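Report on the structure given below.
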Amino acid sequence: MKVLVTGSSGLIGSEAVEYYDREDHEVIGVDNNMRAEFFGPKGDTIWNLSRLKDSTQNFEHHNIDIRDRAAVFQLFEEKPFDLIIHCAAQPSHDRACQIPLLDFEVNALGTVNLLEATRQFCPEAVFIHMSTNKVYGDAPNEVPRIELEKRYDYERSEDYNGISEECRIDRCLHSLFGASKAAADIVAQEYGRYFGMKVGIFRGGCLTGPSHSGVELHGFLSYLVKVAVNGDTYKVFGYEGKQVRDNIHSYDVIQAFEAFRCNPRPGEVYNLGGGRGNSVSILEAFDLVSDLVGRKIQWIYVDQNRIGDHICYISDLRKMKSHFPGWDITRSLGNILEEMVEAEQARLVRV
């Protein structure tokens, strides 16, 4: 099988590269390290690309910008793929307002370039689109909630499992990132429904793992672990640090993709996160990470929350599990944090 992974030096992309390489498939990666342009040196993913080149057998890297339609089409014409995993994106909720044109070009235009290349050159391929829960804007904040000592939670029993795919995506405040990803999300659905292509859309919660190049503007747990291990100071933006996210390990994300590949449903949308079991507030995460690194995390509070931020977001995984009963979360929040702390400590020693 020929597999294309965009954003192959990023968190989910690199996990996909490693998984399909281990399964002895031919893996083509596309990544031009734009994360360094978005976030500066701390967002640079060259270290991860080097790691992939050293650890894989069937991986071939291409330094292609997905906005470059001619280059994308040429790649597809030369190497018709069986599976496309599209993870490349401008991923920051906050950064997008500073680079609105670049954000939209990468997230929306880049996606339609890849979808059209798939339609023209390999229409039978399975296409996985990595979307985001930010397509819902701040609509999830309308769900009634209660304030506990260290977190917010949903007030009504019917909301216990979290935010489902029925949540609306319009008539709310998104951030420009949420808007560009919503455009990509909708066009991916359309290629599935209109053209009958095997396109699946996965609206990620907090995707995480040891290969994440987390920065303050993107990568909650990864950045928090870096701050803790390096003895730096974490900045909390609003809601008293009680805002909640559900966290899913990159391995479990790839297993969801693989479940869809084996039984594709054209144009279908799935929420994908750690669910209630892997949900945590910032304050709770401070406690967990502090125990692992052996010291309290230094942090400061900024009263202004991020615009359009989710106050309490837990992914409802029931649709995903009903369509693919063999898939489930395999990495607990504790497992995830232990692995990330160990990896960051190892990187610190190497430096």
Fill in: Elements of type helices (runs of 4 or more DSSP H) contained in the range 98-205, each with 3 or more residues being out of contact with any helix residue (DSSP H, G or I) (no Cβ under 6 Å at 6 or more places or on another chain)
110-121, 176-193
Worksheet item: Quick check, is I84 modelled with pLDDT of 95 or more, under 19 Å from S250 (Cα atoms) and crowded, with 22+ Cβ neighbours inside 10 Å?
Response: yes
Discussion item. Being within 19 Å of the chain's Cα centre (by Cα), farther than 30 Å from N230 by Cα, among the charged types (D, E, K, R) and crowded, with 19+ Cβ neighbours inside 10 Å is the requirement here; does D328 meet it?
Written reply: no
Worksheet item: Taking only pairs six or more apart or across chains, which ones have beta-carbon atoms under 7 Å, a first residue in the range 237-253 that is touching a residue at least 40 places away in the same chain (Cβ under 8 Å) and among the aromatic types (F, W, Y), and a second residue that is in a helix (DSSP H, G or I) and buried (at least 21 other Cβ atoms within 10 Å of the Cβ)?
Response: Y251/E15
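Can you report the number of residues in the range 64-73 which are in a loop (DSSP other than H, G, I, E, B) and surrounded by fewer than 20 Cβ atoms within 10 Å (Cβ to Cβ)?
Here the count works out to 4.
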Discussion item. Against the conditions (1) in a loop (DSSP other than H, G, I, E, B); (2) on the phi < 0 side of the Ramachandran plot; (3) surrounded by 15 or more Cβ atoms within 10 Å (Cβ to Cβ), where does G308 fall short? Just the number, please.
Written reply: (2)
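Please verify whether K53 is of a type in the set (D, E, K, R) and either under 30 Å from D309 (Cα atoms) or free of Cβ contacts under 8 Å to residues at least 40 places away in the same chain (or both), treating the condition exactly as stated. I'd like the intermediate steps shown before the answer.
Numbers: of a type in the set (D, E, K, R): yes; either under 30 Å from D309 (Cα atoms) or free of Cβ contacts under 8 Å to residues at least 40 places away in the same chain (or both): yes.
Yes: the conditions hold for K53.
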Practice prompt. Give me a count of the residues in the range 201-220 that are aromatic (F, W, Y) and closer than 22 Å to D232 by Cα.
Written response: 1
Item to complete: Any residue in the range 291-319 that's under 16 Å from F220 (Cα atoms) and in contact (Cβ under 8 Å) with a residue 12 or more places away in the chain: show its pairings with residues that are charged (D, E, K, R) and part of a helix (DSSP H, G or I) at Cβ separation under 6 Å, as long as the two are six or more apart or on different chains.
Response: I314/R276
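Residues in the range 223-244 that are under 16 Å from G209 (Cβ atoms) and in contact with a Leu (Cβ under 8 Å, 6 or more places away or on another chain): how many?
Applying the first criterion (under 16 Å from G209 (Cβ atoms)) to the range 223-244 yields 223-226, 229.
Remaining after also requiring in contact with a Leu (Cβ under 8 Å, 6 or more places away or on another chain): 225, 229.
Qualifying residue count, the range 223-244: 2.
Working only within the range 173-182, note down all residues that are surrounded by 17 or more Cβ atoms within 10 Å (Cβ to Cβ) and more than 20 Å from M320 (Cα to Cα). Before you say what the answer is, go through the steps one by one.
Within the range 173-182, the first condition is being surrounded by 17 or more Cβ atoms within 10 Å (Cβ to Cβ), and the residues that meet it are 174-182.
H174, S175, L176, F177, G178, A179, S180, K181, listed by residue number.
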Item to complete: Could you tell me which of the residues T118, T111 is touching a residue at least 40 places away in the same chain (Cβ under 8 Å) and over 16 Å from G178 (Cβ atoms)?
Response: T118
Item to complete: Report whether or not V236 is touching a helix residue (DSSP H, G or I) at 6+ places or on another chain (Cβ under 9 Å), farther than 21 Å from L148 by Cβ and β-branched (V, I, T).
Response: no
Item to complete: Could you tell me whether the range 212-229 includes any residue that is in a helix (DSSP H, G or I), of a type in the set (S, T, N, Q) and over 22 Å from I163 (Cβ atoms)?
Response: yes
Worksheet entry | Sole exception among (1) at pLDDT 95 or above; (2) crowded, with 17+ Cβ neighbours inside 10 Å; (3) within 23 Å of the chain's Cα centre (by Cα) for N161, by number | (2)
Worksheet item: Among E190, E155, E147, E165, which is the only one that is in contact (Cβ under 8 Å) with a residue 40 or more places away in the chain and touching a strand residue (DSSP E or B) at 6+ places or on another chain (Cβ under 8 Å)?
Response: E165
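Identify all residues within the range 320-339 that are basic (K, R) and touching a residue at least 24 places away in the same chain (Cβ under 8 Å); write none if there are none. Steps first, please.
At the first step, the residues of the range 320-339 found to be basic (K, R) are 321, 331.
Listed by number, the list holds a single entry, R331.
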Item to complete: Name, by its number, the condition in (1) small (G, A, S); (2) within 21 Å of the chain's Cα centre (by Cα); (3) loosely packed, with under 15 Cβ neighbours inside 10 Å that does not hold for G294.
Response: (2)
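Assess whether A228 counts as being among the small types (G, A, S) and under 21 Å from T45 (Cβ atoms).
The answer is no for A228.
The values are calculated or read from the model by the stated rules, or taken from the named source; none is laboratory data. Everything numeric in this text was worked out from a predicted model, so none of it was measured. Virtual Cβ from ideal backbone geometry, glycine too; neighbours counted across all protein chains shown.
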